[in-house]
1. Given N residues in the stretch 89-128, what is Rg(Cα) / (2.2 N^0.38 Å)?
2. Please give me, ordered by residue number, the chymotrypsin sites (Phe, Trp or Tyr not before Pro) of the stretch 1-82 that lie in loop per DSSP and have at most 10 other Cβ atoms within 10 Å.
3. Between Val39 and residues 5 or more places away or on another chain, which pairs have amide H atoms under 5 Å apart, with H built 1.01 Å from N, and which residues are they?
4. For Lys38, go through the lysines and keep the ones whose alpha-carbon is under 27 Å away, minus same-chain ones fewer than eight residues off.
5. Where does the chain land at 222 nm, in deg cm²/dmol rounded to the nearest 500, when only DSSP H runs of n ≥ 4 count, each adding -39500 (n - 2.57), divided by all residues?
6. Calculate how large, on average over all directions, the projected area of the Cα convex hull of the stretch 11-128 is; give the answer in nm² to one decimal.
7. Of Leu91, Leu122, Leu42, Leu23, how do they rank once you tally other Cβ atoms within 10 Å and put the fewest first?
8. Using 1/(1 + (r/R0)^6) with R0 = 25 angstrom and r between the beta carbons of Ile30 and Val102, what's the FRET efficiency to the nearest 0.05?
Amino acid sequence: MKSIKIVDANVILRYLLEDDEQLFEKAKSIFDEVLNLKVEILLKEFVIAEVVYVLEKFYKVDRKEISQTLRNLITLRGIKTENKNFILKALDIYGHKNLDFVDCILCAMSEQYYIETFDKKLNKCIKK
C-alpha cells in the first residue's frame, strides 16, 4: 500500500540545495522512495511558497531558476499538489514577472475566479 507523506520546506530545500550532507541524504532517500513509486508526496501550497521565499530572499537564487526547478519537482510522478495547474501557472508567472509568489498564485487563479485586490502590480497581472 502506498503512503502519502507531506514534507516541509526544509526537506525540499536540503534536497535542492545539497548544503548539508547528512540532511541531503535523508531528503534524497525520501525523494528516492517517490521516484521508485513507494510513496507519494503531497506538496502543500504554503510549503511551496515558503521554498520560493527562502530560495529568493536567503539564497539569492534567480527567479527563473526557482520557477524551473520547482516546476520540475512538482511534475515528478509521485508528487501531488493541490491546485497543481494554478501552481504551475504561478511558477511560470513568477519566472517572468516581479511579483511575490502568492500574488502569482492569485494571478493564475484569476483565470477561473474574480480576485479582489488593492495591489497595483497584481491588478496589472490579472488584467493581462
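1. So the Cα radius of gyration is 0.98 times the expected 2.2 N^0.38 Å.
2. Phe58
3. Val34
4. Hits, sequence-local ones excluded: Lys2, Lys5, Lys26, Lys28, Lys80, Lys84.
5. Here the helix-only value at 222 nm equals -19000 deg cm²/dmol.
6. 7.4
7. Ordered by Cβ neighbours within 10 Å, fewest first: Leu42, Leu23, Leu122, Leu91.
8. The formula returns an efficiency of 0.45 here.
Just so you know, all these numbers are worked out from the coordinates, no wet-lab data involved. All figures in this text were calculated on a predicted structure; none of them were measured in a lab. Here the Cβ is made from the backbone with ideal geometry for all residues, glycine too, and neighbour counts use every protein chain on show.
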